[in-house]
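**Student:** Pasting in a structure now, in C-alpha cells, and then I'll have a few things to ask.
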2 protein chains.
Amino acid sequence: MKQEFKQYFKELLGNDNACFDVLHQRVYSYDATKKHYFPDGVLFPRNENDIVQILRFCNENHIIVVPRGAGTGFSGGALAVNGGIVLSFEKHMNKILEIDLENLVAVVEPGVINFNLQEEAQKHGLFYPPDPASMHFCSLGGNVSENAGGMRAVKYGTTKDYVMALRAVLPNGEVIRAGKRTIKDVAGYNLVGTLIASEGTLAVLSEITLKLLPLPKFNKTAIALFDDIKQAIDSVCKALSKGLNPVCIEFLDLLTIEALKQKFKLSYLTANTALIIEMDDNEEENLLKNINYMRDFFLQMGAKDFKIANNEKEASDIWFARRNCSQAVTIYGSLKLNEDITVPRSKLAELLEGIRKISLKYNFKIPCFGHIGDGNVHVNVMLEKNDSYQIEQGYKAIEEIFKLAIELDGTLSGEHGIGISKAAFMQLAFSEAEMNLMRNIKKAFDPNNILNPFKMGI
Amino acid sequence: MKQEFKQYFKELLGNDNACFDVLHQRVYSYDATKKHYFPDGVLFPRNENDIVQILRFCNENHIIVVPRGAGTGFSGGALAVNGGIVLSFEKHMNKILEIDLENLVAVVEPGVINFNLQEEAQKHGLFYPPDPASMHFCSLGGNVSENAGGMRAVKYGTTKDYVMALRAVLPNGEVIRAGKRTIKDVAGYNLVGTLIASEGTLAVLSEITLKLLPLPKFNKTAIALFDDIKQAIDSVCKALSKGLNPVCIEFLDLLTIEALKQKFKLSYLTANTALIIEMDDNEEENLLKNINYMRDFFLQMGAKDFKIANNEKEASDIWFARRNCSQAVTIYGSLKLNEDITVPRSKLAELLEGIRKISLKYNFKIPCFGHIGDGNVHVNVMLEKNDSYQIEQGYKAIEEIFKLAIELDGTLSGEHGIGISKAAFMQLAFSEAEMNLMRNIKKAFDPNNILNPFKMGI
C-alpha cells in the first residue's frame, strides 16, 4: 500500500487505530476457516464518521475494504483475500447504545459481542434469541452480515427476524438509514432485508437496531433416544405440526454418538440417534404439560427413552453432548471439512441416507449432527490432514453432498454463508440469471467493487 | 398501443386473455384510492411461461407493465398511471398449489385471495396469520408486494415474516428463484427480502412459498375502557414488556368512539378510549389465566372497565366496533384522507397529541384508530368532497402529520405502501443518498424501467 494512503489513515484515525505492522496483519489475517490472507493494514474506526471518511477515501483510490466482526466465520467473509484494508469494530464500535424497555428494542454498534447483548437484555428481563455456536465471541455486525442462526431458530428464527433497522455507510461514504423501530414499515424498498446476509459486500454497518422479546420464565431440557433415525425425524415433523413449539431440537447421529461415548464416556447415549430438546414457557405448569406431552408422543412414535432433566445439572449434562459434538468427531480424523447444508425438514432422512452412501463410496467417516427442527445439518467429512489425495477426494465428496442438498430443495448454507469457502459451488445452486442479478445488486451499491470483493462468487 | 403489439398478445394468450376493450380498461383502471388511470390493455397470464413471454416482449418494445393483484391497495401500486399493460393474476394464476403438512408450508400462485389460503390452511389445522383488513378480497401477490400487515401483527408479524421463497420473472423475461422451503438459508443475497414490499417495481411474482403455523386452539376477545388515552398506551407498552402476548391490541380514540355510538348505537363504549384485545393459546386454562392477568393489570393501571367476551356472540359484538370504525367516521365528512403512519409504540401518545393540535389548527376532525400494539395508526382527516379549498388544506394537514411521524422516528406507511399516494412525501423520510440507492436497485432489476414505473418516487 502506498505510503501516502497509510499516512492519510494515520492522520485520520491516529497511529493506534491505523496499523500496518506485520503483527496486526497476521492477527487479522484469519478466521474460523483457518485460511490466512494478510491485509495491507487494519483500521479501527471510532465512530460512523470515521467509516464515512475511510470509505470515501478508499472508494476514490480504489482501495479494497473488508469489514470484520470477530473473525469467527466459517466461510471466509472477513478475509482480505486480495489485500486491502481490514475494518475492525472490536476496539471502539462495541457499545450497546440503548435498551429501549418500552418498545423492546436494543440499539448496538456492530462490534458488540452477541452474548454481551444477551446478558444485558437478560438484566432487564428481556431476551435476544439468536444464538450461533460462537455467540460468546462473535459480533452482532457479523451476525447481521451472515444472517447467523443457532439452535433456537426452530422456535425463534434467525438474526434476520430481529433486525428492525440499520445505519450503514455506502462505499461512496454516504450514510443510509434503513428500517424503523416499528413492527410495520413499508416505505421504500426493504433495504434492511437487502443488507442482511450480504456478507459485508454492499455497505458497512454502523448501527444495528434489534428486536428483543420478554424473557421466558421457565425452561426444560430433555433427551430422546431412538434406534431409527427416520423415526426420530418423523416424530419431530409430526410434533411440530401438532403445535408443539420447542426452543431447540437437535440431533446426533450414530457416528457422533459413538465419538462422544469414546471421547467423553457419556453412558446415557444408549441408542443410534439422540434428540436434545429444550422447551420454554412463562408458566411452569404449562411447560411441564407440554414436555410431558412431547415425551408421551415420542415414546408412542417409537422412542426407546425420553429423559427430562430434573435440575440444571442434569440439563447441563445433556447439553454437554451437543456442545462437544464438534470436538468429539475429531477422533475420526485430523482434518474436518465442515459444512452446514439445510433441507426442508421432511427431506432430512433422504439427505442423511444420501450422505451415508457418499460416505461408503469414498470410504470417509461423515458424522452428522445439528438442528433437526429446521433441517440444518452440520456435515463433517473426516480426513487426515497430511494426505493430499484424501483431501482432494474429500472436496469431491463435499461437492456431491452439496448437489444432493440442492436436489432435495435445500441450500448450500443454512448459517455460515458463502464467502470464499462455497463461492465455487454457487453455480450449483443459482442460475446464470440469478448470479447476474446479484452482480447487478452489488454494482448498485458498490460500483467500484471496493467492498469485500471476490466473495460469494459475485 | 400499436396494433402489432395487441396482435402479439392476442396470439400469445388468446383473445380472452388479452383484452384491449374499454370495459376491461375501465374495470382495471382503479383501486382503493378511487383514482382512475386507464391502461392500454389487460393481460391474464395463464402460467409463469406466459409472464416470461409478456415481459420479454414488453422489455424489447419498452411497453410499461403494471402487475395487479386484486386492486384493493390504498396507495395506487396497481394503477397504470402512464398507461401500458395491466397484468392480472386473478383469472388463472389463483391456485393454492400445495399445503405441505410436514414442513408447514404453502405454495401459492400470486392471485390467491388471502382468506382462501387462511381457510385452506385451517382445514389442515394450520394458520396463515397476516390479516390485512381487505383479506377477503386482496391477493397474496399484492400482500407480498406491499408487505401487508393486519391486526395480528403485534403477535405474529407481517407478510414478510411468512415469505420463505419466491419465483419471479425479471423484466427481461428471466426467471429467478429466491429463498428455500427452509427456516435457514444464507446462500447468496437475500433476494426474497429485496422483493418484499417492492410494490411490483422489480420483478413479477409467479409463485410464493409461505410459512404456516399450527392453528392455536383457543382464543378470547376482550374490551378495555380507559378515560385517558395516555394511560391506555402506557398499559399496553407495559403489558407487552411483561411478556403478555396478545394476538391483536387495537385502539379507538374518542372521535371514533363518538362516531360509532352515533352511527351504530354501541352502548358499551362508555369511555374516551377503547382497547380491543384478542389472545390465543393451545391451552384453554392458560388462555384464561393470561387474559385475566391482563384484565387485572389494566384495571390496576387505571382502566375503567375490562370485559371479557363469554362467547362468540359477545366477541363478535366487540369486534363489530373495530370493524366499523372506517364506516362510522364518515359522519364527520364526505371525504376521508386516510393514512397509516406508524411510530414506535412508546411515541404513540405524543403522535396522537400532535395530531390533536393539527386538528385544532386546521379545524378538521381527525379520528384515529388502529393497531396500538405496533404503533400503526389509521389517521382519518375528514373533509367535504366539494370544498376544494378544504381539500387543499387537508393535504397540508396530512403533510404535517407525516412530518410529525418522521420526527417521532416513525414511518410514512406501516401497511399501505407508497405507490403514487405518498410518492411526493418520500423526501420527508429519505435522504437523497437513500433515494439514489433505491433508484440504483430499481435499475439493477429493471434497466429499461418498464415495470410499474413512476411509483414510490423512485
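**Student:** Does the stretch B:19-28 contain any residue that is under 19 Å from B:Gly173 (Cα atoms) and part of a helix (DSSP H, G or I)?
**Tutor:** no
**Student:** Taking B:Glu102 and the conditions (1) on the phi < 0 side of the Ramachandran plot; (2) at pLDDT 95 or above; (3) part of a loop (DSSP other than H, G, I, E, B), which numbered condition does it fall short on, given that it satisfies the others?
**Tutor:** (2)
**Student:** Quick one: would you say B:Glu392 is over 21 Å from B:Ile196 (Cβ atoms), within 14 Å of chain A (Cβ to nearest Cβ) and more than 25 Å from the chain's Cα centre (by Cα)?
**Tutor:** no
**Student:** Now for a separate question. Given (1) open to solvent by 10 Å² or more (accessible area, probe 1.4 Å); (2) in contact (Cβ under 8 Å) with a residue 40 or more places away in the chain, identify the lone condition not met by B:Ser267.
**Tutor:** (2)
**Student:** Whether any residue in the stretch B:28-47 is closer than 22 Å to B:Ile176 by Cβ and open to solvent by 30 Å² or more (accessible area, probe 1.4 Å) is what I want to check.
**Tutor:** Yes, because at least one residue in the stretch B:28-47 is closer than 22 Å to B:Ile176 by Cβ and open to solvent by 30 Å² or more (accessible area, probe 1.4 Å).
**Student:** A further question on this structure: Give just the number: which of (1) on the phi < 0 side of the Ramachandran plot; (2) open to solvent by less than 60 Å² (accessible area, probe 1.4 Å) does A:Asn452 not satisfy?
**Tutor:** (1)
**Student:** For B:Lys123, only one of the following conditions fails: (1) in contact with a helix residue (DSSP H, G or I) (Cβ under 6 Å, 6 or more places away or on another chain); (2) at pLDDT 95 or above. What is its number?
**Tutor:** (1)
**Student:** Right, another one. Do we find a residue being open to solvent by less than 10 Å² (accessible area, probe 1.4 Å), within 9 Å of chain A (Cβ to nearest Cβ) and among the charged types (D, E, K, R) anywhere in the stretch B:422-431?
**Tutor:** Checked the stretch B:422-431: at least one residue is open to solvent by less than 10 Å² (accessible area, probe 1.4 Å), within 9 Å of chain A (Cβ to nearest Cβ) and among the charged types (D, E, K, R).
**Student:** Oh, and also: So, in the stretch A:160-172, how many residues would count as being at the interface with chain B (Cβ under 9 Å from one of its Cβ atoms), surrounded by fewer than 23 Cβ atoms within 10 Å (Cβ to Cβ) and assigned to a loop (DSSP other than H, G, I, E, B)?
**Tutor:** 1
**Student:** A further question on this structure: If you scan the stretch A:85-96, which residues turn out to be crowded, with 23+ Cβ neighbours inside 10 Å and in a loop (DSSP other than H, G, I, E, B)?
**Tutor:** Passing the criteria: A:Phe89, A:Met93.
**Student:** Here's a follow-up. Tell me which residues, restricted to the stretch A:35-62, are in contact with a Phe, Trp or Tyr (Cβ under 8 Å, 6 or more places away or on another chain) and outside any loop (DSSP other than H, G, I, E, B).
**Tutor:** Correct list: A:His36, A:Gly41, A:Val42, A:Leu43, A:Ile54, A:Phe57, A:Asn61.
**Student:** Name the one entry in B:Ile418, B:Ile406 that is of a type in the set (A, V, I, L, M), in a loop (DSSP other than H, G, I, E, B) and either within 20 Å of the chain's Cα centre (by Cα) or within 29 Å of B:Ala349 (Cβ to Cβ) (or both).
**Tutor:** Values: B:Ile406 fails: in a loop (DSSP other than H, G, I, E, B).
Just one listed residue meets the conditions, B:Ile418.
**Student:** Report, by residue number, each residue of the stretch A:421-452 that is outside any helix (DSSP H, G or I), of a type in the set (A, V, I, L, M, F, W, C) and in contact with an Asp or Glu (Cβ under 7 Å, 6 or more places away or on another chain).
**Tutor:** Across the stretch A:421-452, there are no qualifying residues.
**Student:** Now for a separate question. Cβ-Cβ distance below 9 Å, separation of 6 or more or different chains: which pairs start in the stretch A:120-131 with a residue that is farther than 11 Å from A:Leu210 by Cβ and free of Cβ contacts under 8 Å to residues at least 12 places away in the same chain and end on one that is among the aliphatic types (A, V, I, L, M) and surrounded by 17 or more Cβ atoms within 10 Å (Cβ to Cβ)?
**Tutor:** Close Cβ pairs (under 9 Å, with a partner that is among the aliphatic types (A, V, I, L, M) and surrounded by 17 or more Cβ atoms within 10 Å (Cβ to Cβ)) amount to A:Lys123/A:Ile99.
**Student:** Output the residues belonging to the stretch B:208-222 that are away from every other protein chain (no Cβ under 13 Å) and either within 24 Å of the chain's Cα centre (by Cα) or part of a helix (DSSP H, G or I) (or both).
**Tutor:** Of everything in the stretch B:208-222, those that are away from every other protein chain (no Cβ under 13 Å) and either within 24 Å of the chain's Cα centre (by Cα) or part of a helix (DSSP H, G or I) (or both) turn out to be B:Ile208, B:Leu210, B:Asn219, B:Thr221.
**Student:** Also, I was wondering about something else. I'd like the full set of residues that are more than 7 Å from chain A (Cβ to nearest Cβ) and surrounded by 24 or more Cβ atoms within 10 Å (Cβ to Cβ), limited to the stretch B:175-190.
**Tutor:** Matches in the stretch B:175-190: B:Ala178 only.
**Student:** Taking the stretch A:225-245 as the search range and keeping residues that are of a type in the set (S, T, N, Q) and not in a loop (DSSP other than H, G, I, E, B), which one is least open to solvent (accessible area, probe 1.4 Å)?
**Tutor:** It comes out as A:Ser235.
**Student:** Take the residues of the stretch B:179-207 that are at pLDDT 95 or above and among the β-branched types (Val, Ile, Thr): which is nearest to the chain's Cα centre (by Cα)?
**Tutor:** B:Ile196
**Student:** Take the stretch A:270-300 and flag every residue that is touching an Asp or Glu at 6+ places or on another chain (Cβ under 9 Å), touching a residue at least 12 places away in the same chain (Cβ under 8 Å), open to solvent by 10 Å² or more (accessible area, probe 1.4 Å) and of a type in the set (S, T, N, Q).
**Tutor:** A:Thr270, A:Asn272, A:Asn290
**Student:** Right, another one. Looking only at the stretch A:105-159, count every residue that is part of a helix (DSSP H, G or I), within 11 Å of chain B (Cβ to nearest Cβ) and open to solvent by 10 Å² or more (accessible area, probe 1.4 Å) and tell me the total.
**Tutor:** Matching residues across the stretch A:105-159 total 5.
**Student:** B:Ala222 versus (1) assigned by TED's automatic domain parsing to the domain that holds B:Asp161; (2) in contact with a Lys or Arg (Cβ under 8 Å, 6 or more places away or on another chain); (3) open to solvent by less than 10 Å² (accessible area, probe 1.4 Å): which is the lone unmet condition?
**Tutor:** (1)
**Student:** Here are A:Lys385, A:Lys396, A:Lys361, A:Lys357: which of them is basic (Lys, Arg), open to solvent by 90 Å² or more (accessible area, probe 1.4 Å) and part of a loop (DSSP other than H, G, I, E, B)?
**Tutor:** A:Lys385
**Student:** Restricting the stretch B:231-253 to residues that are more than 23 Å from the chain's Cα centre (by Cα) and charged (D, E, K, R), which is nearest to the other protein chains (Cβ to nearest Cβ)?
**Tutor:** Checking each candidate, the answer is B:Lys242.
**Student:** In this structure, does A:Gly193 turn out to be free of Cβ contacts under 8 Å to residues at least 60 places away in the same chain and either open to solvent by less than 10 Å² (accessible area, probe 1.4 Å) or outside the structural domain of A:Val107 (by TED's automatic domain parsing) (or both)?
**Tutor:** So A:Gly193 fits the description; yes.
**Student:** Is it fair to say B:Ile99 is in contact with a His (Cβ under 9 Å, 6 or more places away or on another chain), in contact (Cβ under 8 Å) with a residue 60 or more places away in the chain and open to solvent by 10 Å² or more (accessible area, probe 1.4 Å)? Even if it seems obvious, please write down each step before you answer.
**Tutor:** On the way: in contact with a His (Cβ under 9 Å, 6 or more places away or on another chain): yes; in contact (Cβ under 8 Å) with a residue 60 or more places away in the chain: yes; open to solvent by 10 Å² or more (accessible area, probe 1.4 Å): yes.
Considered against the rule, which asks whether it is in contact with a His (Cβ under 9 Å, 6 or more places away or on another chain), in contact (Cβ under 8 Å) with a residue 60 or more places away in the chain and open to solvent by 10 Å² or more (accessible area, probe 1.4 Å), B:Ile99 comes out as yes.
**Student:** Which of the strands (runs of 3 or more DSSP E) contained wholly in the stretch A:246-343 include at least 1 residues that are in contact with a helix residue (DSSP H, G or I) (Cβ under 7 Å, 6 or more places away or on another chain) and under 30 Å from A:Ile418 (Cβ atoms)?
**Tutor:** Details: elements: A:248-252, A:273-281, A:305-308, A:335-339.
Once the strands (runs of 3 or more DSSP E) in the stretch A:246-343 are filtered for at least 1 residues that are in contact with a helix residue (DSSP H, G or I) (Cβ under 7 Å, 6 or more places away or on another chain) and under 30 Å from A:Ile418 (Cβ atoms), what remains is A:248-252, A:273-281, A:335-339.
The values are calculated or read from the model by the stated rules, or taken from the named source; none is laboratory data. Just so we're clear, the structure is a prediction, and the values are computed from it rather than from any experiment. Virtual Cβ from ideal backbone geometry, glycine too; neighbours counted across all protein chains shown. Areas reflect the complete protein model, heavy atoms only, side chains present, ligands, DNA and RNA absent. Shrake-Rupley method; radii C 1.70, N 1.55, O 1.52, S 1.80 Å.
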